[in-house]
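Throughout, read-outs are computed from the coordinates displayed, never taken from laboratory work. Computed from a predicted structure; not experimentally measured. When we count neighbours, we look across all protein chains shown, and the Cβ atoms used for this are built from the backbone with ideal geometry, even at glycine.
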Amino acid sequence: MANGKSFIDFILDAKDNRDLVVTFMQLANAEDFKKFFADNGYDIKEDEIGKVIEARKFLAGISRPQDDDRY
């Protein structure tokens with residue numbers, strides 16, 4: 001189902017959908033990622049999946065910002 005929704009669209013949707021985030025964080029391999037994105041209407045190219053997995057690992061490893069953090 002091609003609808004033009006990108007990984008950025010996924011991130012924006014995920015900020016308001018905890019179930020989407022929880023499922024995304026539990027995916028185990030590239031095939032799971034491909035199916036997840038296709039089933040949820042996101043057009044993520046196969047050659048981007050490795051980058052998505054790398055980004056997820058990075059995001060999972062950083063701590064959440066605190067109110068007094070300054071950027």
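Here are the numbers for this structure:
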{"read-out": "Over region 7-61, relative contact order from alpha-carbon pairs under 8 Å, at least 6 apart, %", "value": "32"}
{"read-out": "More than 19 Å apart - percent of Cα-Cα pairs taken over region 7-61", "value": "15"}
{"read-out": "Charge sum, other residues only, whose C-beta stays under 10 Å from residue 23's C-beta, Lys/Arg counted +1 and Asp/Glu -1", "value": "-2"}
{"read-out": "Exposed trypsin sites (Lys or Arg not before Pro) absent: longest stretch of the chain, with sites in DSSP loops and at most 13 other Cβ within 10 Å deemed exposed", "value": "16-44"}
{"read-out": "Label point distance in nm, residue 23-residue 11, each placed 7 Å from Cα along Cα→Cβ", "value": "2.1"}
{"read-out": "Residues residue 62 and residue 35, FRET efficiency given R0 of 22 Å [Cβ-Cβ distance, rounded to 0.05]", "value": "0.25"}
